Every structure is written in C-alpha cells, then in structure tokens.
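The values are calculated or read from the model by the stated rules, or taken from the named source; none is laboratory data. The structure presented is a predicted model; accordingly, all values stated were derived computationally and were not measured. Virtual Cβ from ideal backbone geometry, glycine too; neighbours counted across all protein chains shown. To get the accessible areas, we keep the full protein, side chains included, count just its heavy atoms, and leave off ligands, DNA and RNA. Shrake-Rupley method; radii C 1.70, N 1.55, O 1.52, S 1.80 Å.
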Amino acid sequence: PIQICVSKCPDRYLTYLNAYSSRTPGELEYYRHFCIPEFKNLQKAPIKVLKDKECPAMIIPSTPLARRCFPAIRAKKGVIMVGNETTYDDGHGRRRNVTELLEGAKKANVVLETRQLAMKIFEDYTVSWYWIIIGLVIAMVASFIFIVLLRFLAGIMVWVMIVMVILVLGYGIFHCYMEYAKLKGEAGSDVSLKDLGFQTDLRVYLHLRQTWLAFMIILCIVEVVIILLLIFLRKRILIAIALIKEASRAVGHIMMSLLFPLCTFFLLCLCITYWASTAVFLSTSNEAVYKVFNETACQFSGQTCQPETFNTSNVTKLCPDAQCLFAFYGGETAYHKYLIVLQFFNVFMFFWLANFVIALGQVTLAGAFASYYWAFKKPDDMPAFPLFSAFGRALRYHTGSLAFGSLILAIVQVIRVTLEYLDHRLKAADNRFAKFLLSCLKCCFWCLEKFIKFLNRNAYIMIAVYGTNFCTSARNAFFLLMRNIIRVAVLDKVTDFLFFLGKLLIVGSVGILAFFFFTQRIKLVQDTAPPLNYYWVPILTVIVGSYLIAHGFFSVYGMCVDTLFLCFLEDLERNDGSAEKPYFMSPNLKKLLKKTNKGQPDA
C-alpha cells in the first residue's frame, strides 16, 4: 500500500466519490490533502484517480500515534465507535460496522499500553519530584557525613558499617518473611510467577507469595556470602583500615576534592550533548527520495524522479502508467552514502572525549593526593591549592598522555560496540560457529577493556607523580604492581570491597526510608506522601540516584587510596629511612610496617 505524510490526520468520514460529487465547497480540496503530492487535477474522473492510486477510496476519523494515523476507536456505553459513528461507508455503497476496523488497529495495542504506562509513570514524577529531590539530598548528606566521620573514626566506622549492612539485609529478610506469611491463605496469592506471566501493573507481583519468597532467598544468599567474606578477610580488613585512615586525612586536607566529581560530570554532560546533537543532525540530514514505479515494463522503472516536474517529463510520455512515488529517506550523494561512516566516527569521538574527561579527573585527583603523600611535613609542605595546581599541571603538561591513553581505551570500546552490533544482527542466523566465535571475541575484549582501565588508572597516577609520558608511566606502574601483587590483591581489593559496603549501607538506608514514605507506612507523614499509580517509580529513582551520589563521593576516596598505595610502594622501593632517603609515609604506616627514619623525628 502507498504511504504518504500528512500534516494532520483526517477528522471525518468521507469517500472520494462523495467528495467529488459533493456540492459543499472545500470537500474535494480537503480530501486532496490525503492524496499523493503530485495529484493536482481535481477534475480527473474518480474511476481514473482510484485506478492510478492517486487518492484513497475513503478516509475515516483518526488520531495520531507514534507518527501514524490510527482509527479514532473509542467505547461509549459498551458500544464501539469511530468518531461519533458506529457504521461507515466503504466507498462501494455499502455500510459496514466499525468493529471491522479493530483488526487493523490490533497491532497498536502494545503501543497504546506502553504509552499508557509511560503516562502513568510521568504523572507519578510530576507529583513526587520534590520528594525525590529531598531523598537525593538526604543521600548526599548521608554520604558526606559518612566520609567526615570516617576521617576521625575510620576503624570504628568500618566495623559499624559492616554490622549495619548485615542488619539491613537481616531486616530485609525479616520483612520479606512477614509479607510472605501475611499472604498465606489469601485468594490468588499462591499463583506462580510463570503462570501469571508479564503484567504492566507491577503491583500485582507484590500480592504473590512466590515474589516475597524469591526476595527472601536472594537476600539470604547475599547475607551468607558477605558473612563468609568477612570471616576469611578479617585480618586483611585491619590492613585496609590503615589505608582508609590515611586517605581520610588526605581528603580532610583537600576537602574540595569531594566536589570535583561535579566538574567531571559537567564535562561528561557536554560530551553527551555534543554527541547527541551531532547524531541527531546526521540522522535528520536525509532527504525524501522518489522513484519511478510502473506496473508494466518501463526503461525508467526504479530511477530517481521529482514529483513536481514528473508530469511534464518524458517518462510519462514513454510510460503512460508510470508514477513518481516516495521510496525512502536518504540520498544518493557522496555525503549520504557515507553517512553511516560519519555516525560511526561520531560514536568513536564520543568514547574518546568521555574517556579523556574521566582521565583528566583521575590525574587531577591523583596529583592532589600525591602532593599530600610526598609532603614530608603534612600539611605544611603541601601547595596552597593542591587540587587547582594538579588540574593546571594536567592541562599544561599531560594533555597528550591523557589523550593517548583515552584513545587506546576508546578503540577497544568501539570494537566492543561493533561486536555487540554484529551479535544483534546474527541472532536470527543459525550459524553456531559464528555465534561461538563472536561470544569468545566479546569476552576477550571485555577482559581487555577492564585491564586497560586498570592499567590506565595506575598510569595516570604515575603521570601525576613523576610527569613521565603515558607509555613509560604505564610500564612503570605495571611492573611496580607486579612486584607487589600480593599487596595489590589484599589491600586494594579489600578496600574496594569496603567501599562497596559503604555504598550498600547508604543506598539501602535511603531506599528503605523511601519505601516506607511512598507506601505511606510512616504514620507521622502518612498524609504528606503523594498519591501514586506505581510507588516503585520514585523509590527506584531515589535508589538509583542515591547510588550515583554515593559512588561519586566514594570514587574520590577510591582514587585517594589507589594514589597513596602506589606512592607507598614507590616510597618503600626508593627510600630506606636514612637521612638521605627518608620515608615519606605517615607515622601510622611506618608503625604498621615497623619502619623508621633514622636520625630524624617523624613528621
């Protein structure tokens, strides 16, 4: 069938025969809006117009949906109607029931249900957005308070954090059990998730015992795994606490570092905006292409044509039944042929710029915290503005190194995106060897990306400390870590695990608070909670936002720990505690490792 673009969907029942013979002025002119663009002759015989497929035989009241016109079907007192009619003229003199149009609109049901779900979610955001912001502010304050307390009570806070996470998970198990027990005996609560199938109203799942049983089992598994890890890593936790205390002191002297992720976030937003605007510009730079269509043999069939001049061209003389119809959006110039290449290059540039921004943030934080470690008298020997000084050094001296490291990572990421695209295209194919090979390549490049990120992170620290180029810094960092692989595995990863527990505590606490508030289970503010279609919408938003906020705060701490750890290893290898080569590590670390500076008092 021929498809055309219209400025507005039809709003009335009308056949072409009725419009042609109508005495009402403007009926035929209105009908022409739904004909092909080159149809100009309003005096042409209706039979000839319909035979040449220049106009539809009939139009019906329609509504726009997903850039398409669908019959305006609605139910009034149980009666199916289109517009205000229950029957319509099919253009052949017969009256038909509008229920026959339902078959043509069945495929739109999924779109309509999805649109209805999206509208309800949007309504929930409009009435709860300020409470969501309050929840995110609470998460920010909680993260800041946690870090401030960690500065003074690192050891106690770590153990309290571990206990609190276990208690939060324990409460989650208890709550799931209570909900599971409460639903016992209720009608419909024993239906299995498999029998229920997918439901757009997710609240239905909360009325099933199997849902709460699944939640309880998952939380129990997580609880057991965390307890076992704590039992086997209890000695290593004590070592990690020493690094966290030292990092707490460093962050305490450079408090502006906690706000630096906002700068990185702003630059990443610029990168995303640049990529999105360029992608949209490229996607919308196509032109409407018209081709010659002919039912009989014609030498011009399939060639490009212009609707405005088609009727006066030689094509209509040599092929009388030829038509110039819309074929596709695109173009036949060199620019349009290589448009996909430009889109690919745009994606590559996005990865490169995003990785460069992240690298700039990492080397800036590393430079600031390295200036703390290598100050013999802390904080007297530190620069006045360590963060701004490190940022200036990174832009002035290390831009090339950061761009090169980001380029390597961007190339690997683009290859991964290409493999994902090929995997998506090969899903319908039945070539098992190709699928197996593609899965192996995806796994290998995933591992390679993780390794390059780890290596780049430590290379940027060496760049911030010594100012060497990327390749030299990456080589030195790699071999330094390999010579201390046990310390890397124990100290660095245990510290990452503790940071994960901190995020879990903050996100879990704020998430539970949001759950009780939006489900109106807090009596003091029961009347304050807004009425919602799906209370999980603001709860999930608060949980995801809280995790991002906690991740931003703890990412600064993680960079601080990694920087101090690498500086600590360098300090151990390059210095021996003599007057010529004193240790720069803090007294606590020297005491932990039983190291001293000979003939010099500790700073």
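Summary of values
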| item | result |
| --- | --- |
| R0 of 25 Å, Cβ-Cβ distance LYS450-LEU213: FRET efficiency to nearest 0.05 | 0.10 |
| Inter-centroid distance (Cα atoms) of the stretch 265-289 relative to the stretch 1-58, Å | 39 |
| In Å, descending, principal axis extents of the Cα set of the stretch 501-594 | 71, 21, 15 |
| Cα-derived Rg to Rh of the stretch 396-446, Kirkwood definition | 1.23 |
| Distance in nm between pseudo-label sites at LYS194 and ASN533 (7 Å out along the Cβ direction from Cα) | 3.2 |
| DSSP-defined beta bridges in the chain - what % are antiparallel, rounded to 5 | 100 |
| Percent accessible area from carbon and sulfur atoms, the stretch 460-603, protein chains only, probe 1.4 Å | 63 |
| For the stretch 237-387, projected area of the alpha-carbon convex hull averaged over all directions, nm² | 15.9 |
| Inter-centroid distance (Cα atoms) of the stretch 138-191 relative to the stretch 534-603, Å | 27 |
| FRET efficiency, 1/(1 + (r/R0)^6) with R0 22 Å, evaluated for ILE156 and ILE512 via beta carbons | 0.45 |
| Cβ-placed point charges (K, R +1; D, E -1), dipole of the stretch 324-422 about Cα centre in debye, nearest 20 | 200 |
| For the stretch 315-385 versus the stretch 394-433, the gap between their alpha-carbon centres in whole angstrom | 12 |
| The chain: Cα Rg divided by the 2.2 N^0.38 Å rule of thumb | 1.35 |
| Where labels lie 7 Å past Cα in the beta-carbon direction, separation of ILE121 and GLU295 in nm | 4.7 |
| Shape parameters for the stretch 1-47, alpha-carbon atoms, Rg then Dmax in Å | 10.8, 30 |
| The stretch 229-369 - charge dipole about Cα centre, Lys and Arg +1 at Cβ, Asp and Glu -1, debye rounded to 20 | 1160 |
| Solution diffusion estimate, µm²/s, Stokes-Einstein, the stretch 420-572, Kirkwood Rh from C-alpha pairs, 4 °C, viscosity 1.567 mPa s | 66 |
| Using alpha-carbon coordinates, inclination of helix 109-152 to the longest axis of the chain, degrees | 10 |
| Stretchable slack from ILE272 to GLU420, in nm (0.36 nm times residue separation minus alpha-carbon distance) | 51.2 nm |
| Debye, to nearest 20: dipole size of the chain, +1 on Lys, Arg Cβ, -1 on Asp, Glu Cβ | 920 |
| Sites LEU438 and GLN343, calculated FRET efficiency, Cβ-Cβ separation with R0 22 Å, nearest 0.05 | 0.50 |
| Loop-exposed GluC sites (Glu not before Pro) per DSSP, neighbour cap 12 Cβ within 10 angstrom, longest uninterrupted part of the chain | 333-579 |
| Modelled label reach - LEU524, point 7 Å along Cα→Cβ, the stretch 170-184 residues with backbone N closer than 20 Å | none |
| Expected 222 nm ellipticity per residue - DSSP helices of 4 or more, -39500 (n - 2.57), all of the chain, to 500 | -21000 deg cm²/dmol |
